[in-house]
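Inspection log for the structure reproduced underneath, given as structure tokens.
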Amino acid sequence: MKRIPARVYVPVLAALVCAGALIGVTEAQDDPHGTPGRSYDADGTLKIDAARRSVAPDIAGTGTDGRTVRLSGYRGKTVVVNVWASWCGPCRQETPMLVRYQEKTKGQDVVVLGLNEDDSAGDARAFARTHHMSYASLLDPDGKQFRKLAKGLVSTQGLPVTLVIDPRGRVAAATAGALSEARLTSAVTAARTGS
């Protein structure tokens, strides 16, 4: 039997390894963590089928306006929870759209709720005033509320992050990075489906 030289095996082996990695990435995007009922849109938004949604933890605390803010206070509405910080460039980019979206959806049982990650409440309040934020924003300087809400859904390493809670208080969608209004509308529509 003739022996095949090693130089023939290396390219074939490399091709097989790359093909296996691509299959693994594709499967992870279609079915993250092997969890049925979860899918990713082309823009990276995670959407969860209504039958597979988990109840969101009840995050609560003091808002930038000094009032108590509690996620469960919005039960019966679709809640867009936007995690932001004043030092975050993409957060500054998307905030005007979120303010417009809040105004546009008044009376439609959709609300925006901010979750601020600044170390300084003063910085958060100044940002909210400067950007005319018309929605409540919970102060979360240690990130505890954020980690509790995002656990198993999105990375807590970067901002902004947005989670959409359906009217029954269940997490329906999650996405990282600055949002466009079209991307947000798609996530809200998915959250209202089957809720």
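When region 171-193 is examined, which residues are found to be aliphatic (A, V, I, L, M) and crowded, with 19+ Cβ neighbours inside 10 Å?
Passing the criteria: Val171, Ala172, Ala173, Ala174, Ala176, Leu179, Leu184, Ala187, Val188, Ala190, Ala191.
Does Arg183 satisfy being closer than 28 Å to Arg52 by Cβ, among the charged types (D, E, K, R), out of contact with any Phe, Trp or Tyr (no Cβ under 6 Å at 6 or more places or on another chain) and assigned to a loop (DSSP other than H, G, I, E, B)?
On the way: closer than 28 Å to Arg52 by Cβ: yes; among the charged types (D, E, K, R): yes; out of contact with any Phe, Trp or Tyr (no Cβ under 6 Å at 6 or more places or on another chain): yes; assigned to a loop (DSSP other than H, G, I, E, B): no.
No.
How many of the residues in region 100-123 are under 23 Å from Leu184 (Cα atoms) and in contact with a Ser or Thr (Cβ under 6 Å, 6 or more places away or on another chain)?
Number satisfying all stated conditions: 4.
Residue pairs, Cβ under 7 Å, 6 or more apart or interchain, first in region 154-177 and at pLDDT 95 or above, second aromatic (Phe, Trp, Tyr). List them.
That search, which allows pairs on different chains as well, returns Leu159/Trp84; Pro160/Trp84.
Which one is farthest from Lys144 (Cα to Cα), of the residues in region 84-122 that are free of Cβ contacts under 8 Å to residues at least 40 places away in the same chain, surrounded by 16 or more Cβ atoms within 10 Å (Cβ to Cβ) and not polar (S, T, N, Q)?
Filtering region 84-122 for residues that are free of Cβ contacts under 8 Å to residues at least 40 places away in the same chain, surrounded by 16 or more Cβ atoms within 10 Å (Cβ to Cβ) and not polar (S, T, N, Q), the one farthest from Lys144 (Cα to Cα) comes out as Val99.
Quick check on my filter: what residues within region 149-170 are surrounded by 24 or more Cβ atoms within 10 Å (Cβ to Cβ) and under 13 Å from Leu46 (Cβ atoms)?
Within region 149-170, Val161, Thr162, Leu163, Val164 meet the criteria.
Go through region 131-147 residue by residue and tally those that are of a type in the set (S, T, N, Q) and in a helix (DSSP H, G or I).
Our first condition is that a residue be of a type in the set (S, T, N, Q); within region 131-147, this holds for 134, 137, 145.
Remaining after also requiring in a helix (DSSP H, G or I): 145.
Summing the residues that are of a type in the set (S, T, N, Q) and in a helix (DSSP H, G or I) in region 131-147 gives 1.
Restricting to region 71-97, count the residues that are in a helix (DSSP H, G or I) and either in contact with a His (Cβ under 9 Å, 6 or more places away or on another chain) or more than 12 Å from Leu179 (Cβ to Cβ) (or both).
Step one: filter region 71-97 for residues in a helix (DSSP H, G or I), giving 71-74, 89-97.
Adding the requirement that they be either in contact with a His (Cβ under 9 Å, 6 or more places away or on another chain) or more than 12 Å from Leu179 (Cβ to Cβ) (or both) leaves 71-74, 89, 92, 95-96.
So the count comes out to 8.
Can you pull out the residues in region 148-180 that are farther than 15 Å from Asn82 by Cβ and assigned to a loop (DSSP other than H, G, I, E, B)?
Residues satisfying the conditions are Lys151, Gly152, Ser155, Gln157, Asp166, Pro167, Arg168, Gly169.
Only residues that are farther than 23 Å from Ala60 by Cβ, part of a helix (DSSP H, G or I) and under 22 Å from the mean Cα position of the chain (by Cα): list them for region 102-130, please.
Passing the criteria: Glu103, Lys104.
The values are calculated or read from the model by the stated rules, or taken from the named source; none is laboratory data. Just so you know, these numbers come straight off a predicted model, no measurement behind them. Cβ: placed from backbone, ideal geometry, glycine included. Neighbour counts: every protein chain shown.
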